[in-house]
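Undergrad: The structure under discussion is supplied below as structure tokens; questions concerning it will follow.
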Amino acid sequence: MSTRQPLIVANWKMHPTLADAVVLATAVKRGLEDIHHLEVVLCPPAPWLVPVAELLKHHPLHHLYLGAQNIWAPPAQAPDGAYTGEVSAEMLKHLVQYVIVGHSERVRFFHETAALISRKAIAVLEANLTPIICVGEVHRSSRSKDQVIEVLQGLLGPIPRTRWHDLVMAYEPIWAISTGDDSDPASGDYAETMAETIKSIVGRGTPVLYGGSVDSSNIAEFIHEDDIDGALVGSASLKAKELLKICEIASGIKK
Ligand code: PGA
């Protein structure tokens, strides 16, 4: 059983305006002054990282972190280069603590491959940041578990085994994401089986989050499971009240 505090990652995707992001981050920060025993990571759109970082720096909370939704890692692991429009992990190293890599929307819309996702994870580790690596099957089927194992092995292969415990994994069945085909959350049982499978490969010390239509009505079901250490929350993280409710519920569950 995990002894870690729950980790709640708020993936704001390409949603908030600057004003929205500032209002949201301010409200979440204020609310978290009274909610402890968990860690929270806010992942705003890239241009709002600096203003949100400034806001979090002012009277910082030890359990509130900042994350990027993506980075680019050139093939040669160069720290910089002629890559128009891209941002490296190195550039974010004093700004954020976490980076989401391999989100299914990046695979779907930007055709990211397993090799690229692994390279990104390595670049994030080399910048002394924590990668949150997403993995999950597209359709729910009797082969879902095998598909996840296969993808996971491909993703982990290039990453030095000695660093696997520095990763955070996010099990995100694509069919359960709120913009997905059926967008019903997985059941706690189902997500637990997958989280356990992921841990059997990556190691039991590596936290595994669940992501896909998480909100305040179902967070408890996931956090109660032995192998689920937190959640990656999309749409429900765009409302401060709802995100704080999720945090409050998660923080009250003893693991
Ligand atoms: P959702 O998104 O909570 O809106 O389903 C989760 C995600 O895509 O990370």
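Undergrad: Could you check how many residues of segment 218-241 are among the charged types (D, E, K, R) and surrounded by fewer than 18 Cβ atoms within 10 Å (Cβ to Cβ)?
TA: 3
Undergrad: So, one more: Any residue in segment 3-15 that is of a type in the set (A, V, I, L, M) sitting within a Cβ distance under 8 Å of a residue that is part of a loop (DSSP other than H, G, I, E, B) and at pLDDT 95 or above? List the pairs, counting only those 6 or more apart or interchain.
TA: As it stands, the answer is 7/38; 7/207; 7/229; 8/38; 14/45, since those pairs meet every condition given.
Table: residues versus (1) more than 16 Å from the chain's Cα centre (by Cα); (2) on the phi < 0 side of the Ramachandran plot.
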| residue | (1), (2) |
| --- | --- |
| 19 | yes, yes |
| 40 | no, yes |
| 54 | yes, yes |
| 58 | yes, yes |
| 65 | no, yes |
| 73 | yes, yes |
| 82 | yes, yes |
| 85 | yes, no |
| 95 | yes, yes |
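Undergrad: Being polar (S, T, N, Q), at pLDDT 95 or above and farther than 27 Å from residue 129 by Cα narrows it down to one residue among 162, 193; which is it?
TA: 193
Undergrad: Look through segment 197-218, keep the residues that are in contact (Cβ under 8 Å) with a residue 60 or more places away in the chain and within 12 Å of residue 8 (Cβ to Cβ), and return whichever of them is farthest from the ligand (Cβ to nearest atom).
TA: 207
Undergrad: Also: Which numbered condition trips up residue 244, out of (1) farther than 19 Å from residue 169 by Cβ; (2) within 11 Å of the ligand (Cβ to nearest atom); (3) crowded, with 19+ Cβ neighbours inside 10 Å?
TA: Unmet for residue 244, out of (1) farther than 19 Å from residue 169 by Cβ; (2) within 11 Å of the ligand (Cβ to nearest atom); (3) crowded, with 19+ Cβ neighbours inside 10 Å: (2).
Undergrad: Consider segment 114-148. How many of its residues are among the basic types (Lys, Arg) and part of a strand (DSSP E or B)?
TA: 0
Undergrad: Those residues that are among the acidic types (Asp, Glu) and either in contact (Cβ under 8 Å) with a residue 24 or more places away in the chain or touching a Leu at 6+ places or on another chain (Cβ under 8 Å) (or both), I need them from segment 21-46; list them, please.
TA: Of everything in segment 21-46, those that are among the acidic types (Asp, Glu) and either in contact (Cβ under 8 Å) with a residue 24 or more places away in the chain or touching a Leu at 6+ places or on another chain (Cβ under 8 Å) (or both) turn out to be 33, 39.
Undergrad: To continue, here is another question. Hey, does segment 47-69 have a residue that's without any contact (Cβ under 8 Å) to a residue 12 or more places away in the chain and among the acidic types (Asp, Glu)?
TA: There is at least one residue in segment 47-69 that is without any contact (Cβ under 8 Å) to a residue 12 or more places away in the chain and among the acidic types (Asp, Glu).
The values are calculated or read from the model by the stated rules, or taken from the named source; none is laboratory data. None of the values given here were measured: they were computed from a predicted structure. Every residue, glycine among them, receives a Cβ derived from its backbone with ideal geometry; neighbour counts consider all protein chains shown.
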